[in-house]
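These notes concern the structure reproduced below.
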Number of protein chains: 2
Amino acid sequence: MKTNTVKGTNDWLPAEMKLRDYIQNTILETYLKNGFNHISTPVIEDAENLDKSEGGENLNLIFKVLKRGDKLEEAVKDIREGGDEKELSDMGLRYDLTLPLTRFFANNRDKLVMPAKCIQIDRVYRAERPQKGRMREFIQCDIDILGSKSPCCETELISVTAEALLNLGFRDFRIRINDRRILRAVLEGLGFAADTLDSVCISFDKLDKIGAEGVAAELTEKGFPEKAVEGLKNLLAGELPGLSKVREVLADTEDIDRLESIIASAKELADGRYDIVFDLSLVRGQGYYTGTVFEIESPKFRGAIGGGGRYDNLIGKFIGESVPAVGFSIGFERLFSILYETGYTIPTARKQVALIFKEQDFAAAAKKARELRGEYDVSLFEFPKKLGKFLDRLTERGYYGFTVYGESEEIKLLS
Amino acid sequence: MKTNTVKGTNDWLPAEMKLRDYIQNTILETYLKNGFNHISTPVIEDAENLDKSEGGENLNLIFKVLKRGDKLEEAVKDIREGGDEKELSDMGLRYDLTLPLTRFFANNRDKLVMPAKCIQIDRVYRAERPQKGRMREFIQCDIDILGSKSPCCETELISVTAEALLNLGFRDFRIRINDRRILRAVLEGLGFAADTLDSVCISFDKLDKIGAEGVAAELTEKGFPEKAVEGLKNLLAGELPGLSKVREVLADTEDIDRLESIIASAKELADGRYDIVFDLSLVRGQGYYTGTVFEIESPKFRGAIGGGGRYDNLIGKFIGESVPAVGFSIGFERLFSILYETGYTIPTARKQVALIFKEQDFAAAAKKARELRGEYDVSLFEFPKKLGKFLDRLTERGYYGFTVYGESEEIKLLS
């Protein structure tokens with residue numbers, strides 16, 4: 001037997017699960033209190049739906065499910081006759097929660113209040129090369145608002161997500177925010193052609209990693225006009241321009257007004273507990289974002305803790321009717337590892353106590369345990385061969401205390 | 001786009017998820033209070049592990065995951081050269097939580113307290129022909145005790161599982177219990193050969209569905225000795241024999257003593273709230289059970305709500321060292337549909353209220369919503385085009401009330 005989990009997946013031990021459950025419950029409760037609704041979709045989705053979902057690089061990372069029975073036999077026969085291996089699979093494991101949400105919306109919109117405010121906390125799968133902090137099975141925590149273009153949606157998502165982090169004891173984080181339409185307008189103003197902006201953004205997105213010089217070099221290599229690249233380098237040379245400076249150079253300021261109003265009301269709701277800053281360099285990878293994009297980061301930890309944005313065209317592509325949408329996703333696994341590694345104490349944790357009994361006392365001991373469960377989580381254990389070793393083991397596993405049935409009422413502390 | 005979920009899977013709507021979350025949390029909390037530990041394993045397992053897991057018919061129902069990259073190319077090349085289609089897959093979706101638990105135990109036993117008391121509440125997958133109450137993706141709620149042969153384990157699992165059901169408001173259920181070794185001894189006593197008992201049990205297991213005559217006919221057809229079949233028919237003709245009657249006909253009564261002590265202490269812990277009855281006809285399908293088997297049923301609903309048993313040899317087959325084990329599984333989906341269809345009211349449910357605002361008031365309204373969240377789950381909605389229709393929709397979706405920001409402080413009831 002292979003005792004390890006399959007590559008890129010994890011077994012979670014009791015102490016880890018306690019924290020994972022606590023984080024998930026805290027996030028879910030925060031979202032529910034804020035009037036969002038918990039929904040759930042299957043892990044398996046139709047292969048074609050996944051393929052058409054604009055998931056960018058993630059489309060290459062889909063775990064595919066083999067056909068079964070006659071359909072598999074047919075596909076294998078086809079392959080033997082020179083057919084395509086794509087025929088082997090008709091379903092796949094979802095690589096995110098946005099495509100399933102889109103399908104869910106199309107399937108159930110008449111049963112929802114509009115705009116629909118949805119919570120999803122669930123597993124997703126990507127066949128990535130596993131490395132620290134990047135797994136093949138992991139949990140995402142998403143909230144989305146479907147069916148409204150209002151800038152209030154962005155503000156609300158930011159505020160509610162931030163509240164979940166505050167409830168988990170996170171402090172000193174900040175939310176970077178941008179609008180892709182503003183970034184594109186700035187880049188066009190510098191002389192990049194409108195139909196090349198996706199490629200420019202891909203390079204621009206690497207600013208964090210390779211710096212302004214690196215971005216400029218890459219754009220030159222890609223053959224962009226020297227003047228435009230030079231202009232961008234100058235723009236990035238100093239501090240990135242703020243919204244008011246961007247306003248000066250753009251003809252159309254509607255998107256700027258919108259972003260400014262989001263930032264203003266998000267700051268009002270933040271009430272100084274966290275910061276919201278405009279950041280012209282924020283791009284985010286997904287192909288489907290159409291406007292606002294945002295990311296949460298903490299000065300204490302590298303990389304983003306969460307992120308999201310507006311994707312007004314994605315649902316329409318699937319259901320043939322325009323439905324604006326915006327979402328914010330918390331990187332659950334990142335949150336978990338930060339909290340676990342820093343020795344986070346769960347404020348609501350109940351203490352675990354062992355009640356040790358001899359076989360003939362079992363039923364009486366079990367009744368005694370019921371009384372103790374008002375205050376403690378109580379595990380029943382038969383009197384072990386080596387009590388000392390057994391108690392050591394309980395101590396290592398975080399048990400708070402023990403008592404031997406029939407010996408004393410008192411709970412003896414372990415430490 | 002295909003808007004339906006893939007065959008045999010479900011989207012779960014907000015009202016359904018509220019109940020599903022409540023059931024899961026109630027079961028999990030009950031199990032945690034009883035000193036069991038929540039663990040989690042991946043949905044994907046190694047294909048060979050699954051194949052060797054004695055899952056009986058379930059092995060034919062495994063969803064297999066296609067290999068990726070070079071390995072897939074190699075497998076496809078092999079197939080074109082006449083190779084086996086089994087090469088196409090290296091992993092599969094788990095069909096139950098017992099095989100993953102076995103692997104988990106082998107992988108982590110040095111990090112657990114022994115005997116290990118584990119909780120798993122998670123999704124499993126079976127490529128069955130979907131029908132009412134039988135899905136391809138569904139949730140199981142299991143508790144298992146690994147590493148002890150004591151009859152106290154059986155009693156504890158019965159008592160703790162029953163407590164979860166009581167906490168969910170279930171009443172009038174009863175637990176049927178048997179020991180496969182007793183059943184086998186009785187059958188041997190009737191003249192069935194020891195090495196044919198698996199086949200006899202498969203027919204015997206159908207007693208509920210086809211009756212004593214049907215079982216006898218099937219056994220005759222299978223070619224079993226006439227005298228033995230006749231003896232079994234007579235045994236089943238009247239009421240099934242109780243433990244004391246079985247004791248009279250068996251030479252070795254050790255297993256009977258053990259079962260009697262389990263029933264006695266389980267009854268003591270039940271305290272009249274539910275019943276535990278010996279039932280010689282209880283078999284249960286899984287190949288891996290070695291001794292005690294049990295099932296929960298309610299007179300109000302056909303079929304079992306949960307079941308389990310002792311599987312002392314399964315872990316040993318995987319890790320080459322004997323580790324006795326026993327488990328009890330609640331059929332979550334069955335529980336959910338019973339409670340949902342009977343209009344179960346969640347005792348701890350918070351009321352959901354809509355706070356309707358005009359765009360310019362958003363930040364102030366969001367602050368007002370915070371105050372209301374002490375008592376209610378509050379959803380923010382922008383003032384809709386047609387307020388009347390919108391309020392109707394809120395009512396249909398189970399909202400308790402609404403208030404319009406700036407108009408009045410009062411929450412107006414919807415109904």
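Bear in mind these aren't lab numbers, they're just calculated from the coordinates by the rules spelled out. Bear in mind the structure is a predicted one, so any value in this text is a computation, not a measurement. Counting neighbours? That spans all protein chains shown, and the Cβs are built from the backbone with ideal geometry, glycine included.
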Practice task
Provide an ascending nm list, one decimal, of label-point separations from B:Gly133 to the equivalent residue in each further copy; define each label point as 7 Å from Cα along Cα→Cβ.
Solution key: 5.0
Handout entry: Inter-label distance, nm, simple model (7 Å from Cα along the C-beta direction), B:Ile202/A:Lys2
Key = 3.1 nm
Problem - Angle between chain B longest axis and helix B:362-372 axis [Cα atoms, degrees, rounded to 10] - result: 50 degrees
Exercise for the section: Using Cα positions and a limit of under 17 Å, work out the aspartates and glutamates in reach of A:Lys233, with same-chain residues fewer than 8 apart set aside. Expected result: A:Glu188, A:Asp205, A:Asp208, A:Glu213, A:Glu218, A:Glu221, A:Asp279
Fill in the blank from the handout: Per its Cα gyration tensor (rounded if a/c is under 1.5, else prolate when a/b beats b/c, else oblate), the stretch B:206-249 is best filed as oblate
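With +1 assigned to the C-beta of every Lys and Arg and -1 to the C-beta of every Asp and Glu, and no other charges, what is the dipole magnitude of the protein assembly as shown about the Cα centre in debye, to the nearest 20?
Numbers: 120 positive and 138 negative charges, 216 e Å.
Here the size comes out at about 1040 debye.
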Practice task
Provide a whole-number value for the mean count of partner chain Cβ atoms within 10 Å of the Cβ atoms in peptide B:357-364.
Solution key: 4
Fill in the blank from the handout: Whole-Å distance linking the alpha carbon centroid of the stretch A:162-239 with that of the stretch B:158-203 is 67 Å
Exercise for the section: With both partners inside chain B, how many of the DSSP beta bridges are antiparallel, as a percent to the nearest 5? Expected result: 75 percent
Completion exercise
Exposure-ranked with fewest Cβ neighbours within 10 Å first, B:Arg94, A:Arg68, A:Arg126 stand as A:Arg68, A:Arg126, B:Arg94
Completion exercise
Expected vector for the stretch B:287-300, Karplus 3J(HN,Hα) from phi with 6.51, -1.76, 1.60 and θ = phi - 60°, integer Hz, x for Gly and Pro, equals x, 8, 5, 10, x, 4, 10, 8, 8, 9, 9, 10, x, 7
Handout entry: Highest-first arrangement of B:392-400, B:256-264, where packing means the average Cβ count within 10 Å
Key = B:256-264, B:392-400
Exercise for the section: Towards the positive end of the charge dipole of chain B, with charges on Cβ (+1 Lys, Arg; -1 Asp, Glu), say which of B:Gly169, B:Gly211, B:Val404 has the farthest Cα. Expected result: B:Val404
Handout entry: Shielding by partners - mean other protein chain Cβ count within 10 Å, residues of B:28-39
Key = 6
Fill in the blank from the handout: Classified through the alpha carbon gyration tensor (a ≥ b ≥ c as square roots of its eigenvalues; rounded if a/c is under 1.5, else prolate when a/b is larger than b/c, else oblate), the stretch B:30-82 comes out prolate
Problem - Cα-Cα over 22 Å, subset of B:Lys132/B:Lys351; B:Lys149/B:Lys267; A:Lys206/A:Lys317; A:Lys351/A:Lys385; A:Lys52/B:Lys2; B:Lys7/B:Lys86 - result: B:Lys132/B:Lys351; A:Lys206/A:Lys317; A:Lys351/A:Lys385; B:Lys7/B:Lys86
Exercise for the section: Please find, in a Gaussian network model of chain A (springs between Cα atoms separated by less than 10 Å), the residue of A:Gly82, A:Gly133, A:Gly191 whose mean-square fluctuation is greatest. Expected result: A:Gly82
Practice task
For every helix of n ≥ 4 consecutive DSSP H residues, a contribution of -39,500 (n - 2.57) applies; sum these over chain A, divide by its total residues, and give [θ] at 222 nm rounded to the nearest 500 deg cm²/dmol.
Solution key: -12500 deg cm²/dmol
Problem - Label 7 Å beyond Cα on the Cβ vector: A:Asp205 copy-to-copy distances, nm - result: 5.2
Exercise for the section: Using only Cα atoms, locate the centre of the stretch B:379-404 and the centre of the stretch B:17-80, then give the distance between them in Å, rounded to an integer. Expected result: 41 Å
Completion exercise
Mean other chain Cβ within 10 Å across A:274-280 is 0
Handout entry: Label distances, nm, B:Pro241 versus same residue in remaining copies, Cβ-directed 7 Å point
Key = 9.4
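Treating only the Cβ of Lys, Arg, Asp and Glu as charged (+1, +1, -1, -1), what charge dipole size does the stretch B:352-413 show about its Cα centre? Round to the nearest 20 debye.
So the magnitude is around 220 debye.
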Fill in the blank from the handout: Percent relative contact order for chain B, counting Cα pairs under 8 Å at least six residues apart, stands at 16 percent
Practice task
Give me the angle, in degrees from 0 to 90, between the Cα long axis of helix A:14-33 and the longest principal axis of the Cα atoms of chain A, rounded to the nearest 10.
Solution key: 50 degrees
Practice task
Within the stretch A:154-187, report the GluC sites (Glu not before Pro) that DSSP leaves as loop and that have at most 11 other Cβ atoms within 10 Å.
Solution key: none
Problem - Using alpha-carbon coordinates, inclination of helix B:226-237 to the longest axis of chain B, degrees - result: 50 degrees
Fill in the blank from the handout: Applying the gyration tensor rule to the Cα atoms of the stretch B:87-201 (axes a ≥ b ≥ c; rounded if a/c under 1.5, else prolate if a/b exceeds b/c, else oblate), the class is rounded
